[in-house]
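Reading through the structure tokens given below for one structure.
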Amino acid sequence: MTSRMAFTLAKMNDWRIKFDVEQDISEVRAIVDSQIVERGEPKVFFRAAVTRLSICIRDLVAKSQILAKKKISFTDDVIIEAPVNDVSSLVKFMRNAMCHVDTDLHLLDAGVYFSMEIVRGKATSHQMSGRSFGSDYADDVAFLIGPQRIYYRRHLIRAFDEAVANLESHFRDNLC
């Protein structure tokens, strides 16, 4: 989290922050309810939905840390490799990669470009540089971006659920 973001949030009125949080929650729930991630079609809407999902969840995870003082920091199935050290930084990595097409976050060893490969169910998508890339779970969807893998349910939805619980508690305790 940058000091700029913390400063901006500190200056915002409580109603504006709450509105942004409610909007993020509403958008994530609408995307989840549409089941577009599970279905994956049509492709243009899928990529837009996943990008928006990453933006909203990143915002909620950051606000959980800033407002509720509760960082979402689990590391289950997270590939710990700089700059990723927990699920919060993994969500940030995904958001940055999805929003900035020309970023080096898409690069794997030796200039190999890996930009959002989707793996549904347990499968290996690629093997290169002595590493396997894919999903370890039959019941999840994996997004492969550069050297990272982020699971839909195990990472994104779990981080969303934890951030929402933290923020709901924060607003219940701190707003009129």
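None of the figures in this text is laboratory data; all of them are computed from the coordinates on show. On a predicted model such as this, the values are computed, not experimentally measured, just so you know. Positions of Cβ are generated from backbone atoms using ideal geometry, with glycine treated the same way; all protein chains shown enter the neighbour counts.
For the reader, a short list of remarks on this structure follows.
- Within segment 134-147, considering residues that are buried (at least 20 other Cβ atoms within 10 Å of the Cβ) and either in contact with a Ser or Thr (Cβ under 7 Å, 6 or more places away or on another chain) or among the hydroxyl-bearing types (Ser, Thr, Tyr) (or both), the one nearest to ASP104 (Cα to Cα): ILE145
- Where ASP33 falls short, out of the listed (1) of a type in the set (D, E, K, R); (2) out of contact with any helix residue (DSSP H, G or I) (no Cβ under 7 Å at 6 or more places or on another chain); (3) farther than 15 Å from TYR152 by Cβ: (3)
- Contacts under 7 angstrom Cβ, first residue in segment 57-84 being touching a residue at least 12 places away in the same chain (Cβ under 8 Å), partner assigned to a strand (DSSP E or B) and surrounded by 20 or more Cβ atoms within 10 Å (Cβ to Cβ), 6 or more apart: ASP77/TYR151; VAL78/VAL84; ILE79/GLN148; ILE79/ARG149; VAL84/GLN148
- For SER73, the stated conditions do not hold, so it cannot be described as out of contact with any Asp or Glu (no Cβ under 6 Å at 6 or more places or on another chain), within 30 Å of VAL21 (Cβ to Cβ), among the small types (Gly, Ala, Ser) and not in a strand (DSSP E or B).
- Against the test of being under 11 Å from the mean Cα position of the chain (by Cα) and either in contact (Cβ under 8 Å) with a residue 12 or more places away in the chain or in a loop (DSSP other than H, G, I, E, B) (or both), the options ILE118, ILE150 yield a single qualifying residue, ILE150.
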